[in-house]
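A short write-up of the structure that comes next.
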Amino acid sequence: MDRAADALGRARQIALACHINPDPDAIGSMLGLAGYLAARGKDVVCSWGNEPFEIPRWMSVLDGRGFVVKPKEFPQAPEIMVALDTAAPERLGMLGANAAKAAEVVVIDHHRTNPGFGSIVVLDPAASSTAELVYRLTERMGGELPDQAAACLYAGVVTDTGRFQYESTTPETLRVAAELRRHGFDHARMAQVLFEDSPLAYLRVAAGALHRLELVPEASLVWTYLTQQDLERARATMADTDDLIDVVRTAREADVAAVFKQQRDGKFKVSMRSRGDHDVSKIAADRGGGGHRLAAGYTAKSSVEESVADLVRALEASKAA
Ligand code: AMP
Ligand code: MN
Ligand code: MN
């Protein structure tokens, strides 16, 4: 943390990136840190490595759009690059090449599967969110945190804790959230945009996915899937479906919930959640993905049927272990 504070304090130009298909902790921690550094007179630029590059709808409640550039406009060989909420270099997508050429790479993250890539690593798997870590870093560096930057960090904390529900919500998390809430921003409107703003198209896609929910009692698994065709039929986008797993995981009959979502390239991205009896980060890491003990993901190598069978075997093995 001290080394990161020192390097960021000395730099003039800072390039910030977060993981591909960003969630509010990725973008919130990035824009929050960018807003804080800009207020200290730094030249900042932000991006993430998706192509095509799309701005998520909920970003409308986060100030800092002005810092964001397309990945092609991101500095090729930054003097200092910060990777936020990024569990592995591959999660930088096309910005991985920029990180490889950066003189210094500061990694700020809370994924337990993060190998600690980068030249300065601020990694705390016990932290609720990357935004919580960024807040602690700004406290360490001192000076003023602009209201808009505080709002961005709050968005990261409130989403990654499941609105202060998950086990990662510590007294320290609540202290950070309380400090952030002192700043001037409309948290109720933010919560509405973050949590209660589904297009009908998504609700219809979710209805279809819930209709074909399957329970595998011997693995304590409940699962479903979504295809590109489902999305096309309902005119929904994959980004609309981030919350589907949060509905599936409420199934009382299983410890683990999984949603298989077909990406544009045809491969299925797997989202997993556990109520507490399984370490899904380990299952994800063994399959080239990663995450947290109770929330993790990976990209499946085969069809849904084969991938479910593979997941069932992994869950049964982890029970035996
Ligand atoms: P998701 O199911 O996409 O919401 O992801 C759950 C958690 O696992 C998040 O913290 C993600 O950052 C993490 N995660 C998902 N997919 C991957 C992956 N391929 N590699 C590393 N971490 C991942
Ligand atoms: Mn994230
Ligand atoms: Mn996070």
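Each value in this text was obtained by applying a stated rule to the coordinates, not by laboratory testing. These numbers come from a predicted model, not from an experiment. Glycine also receives a Cβ, built like all others from the backbone with ideal geometry; neighbour counts cover every protein chain displayed.
Report the number of Lys pairs in the chain whose alpha-carbons are under 29 Å apart, with separation of 8 or more residues or on distinct chains.
Lysine pair count for the chain: 26.
Assigning unit charges at the beta carbon (Lys, Arg +1; Asp, Glu -1) and nothing else, what dipole magnitude in debye, to the nearest 20, does the chain show about its Cα centre?
That gives the chain a dipole magnitude of about 300 debye.
With each label point set 7 Å from Cα along the Cα-Cβ vector, what nm distance links D277 and E51?
Each label point lies 7 Å from its Cα, and together they span 4.5 nm.
Relative contact order for the chain: what is it in percent, counting Cα pairs under 8 Å that are at least 6 residues apart?
Taking the mean separation of contacting Cα pairs over the length of the chain, I get 14 percent.
With each label point set 7 Å from Cα along the Cα-Cβ vector, what nm distance links Q229 and A188?
So the label points at Q229 and A188 sit 4.6 nm apart.
What shape does segment 154-311 take by its C-alpha gyration tensor, where a ≥ b ≥ c are the square roots of the eigenvalues and a/c under 1.5 counts as rounded, a/b above b/c as prolate, and the rest as oblate?
Oblate, since a/c reaches 1.5 and b/c is not below a/b.
Just name one of G143, S307, V69: the one whose Cα is farthest towards the positive end of the charge dipole of the chain (beta-carbon charges, Lys/Arg +1, Asp/Glu -1).
After comparing all options, I get V69.
Could you tell me how far the Cα centroid of segment 144-193 sits from the Cα centroid of segment 213-239, in Å?
Result: 30 Å between the Cα centres.
For the chain, set up a Gaussian network in which alpha carbons nearer than 10 Å are linked by springs, and say which option among R40, R91, R249 fluctuates the most.
Most flexible of the set in this elastic network: R40.
Top mean-square fluctuation among A151, A188, A257, Gaussian network model of the chain, C-alpha springs under 10 Å?
Ranking A151, A188, A257 by mean-square fluctuation puts A188 first.
Restricting to Cα pairs below 8 Å that are 6+ residues apart, what does the relative contact order work out to for segment 200-320? Please round to a whole percent.
That works out to 20 percent.
Quickly work out the E172-to-D246 label distance, labels modelled 7 Å from Cα along the C-beta direction, and quote it in nm with one decimal.
2.5
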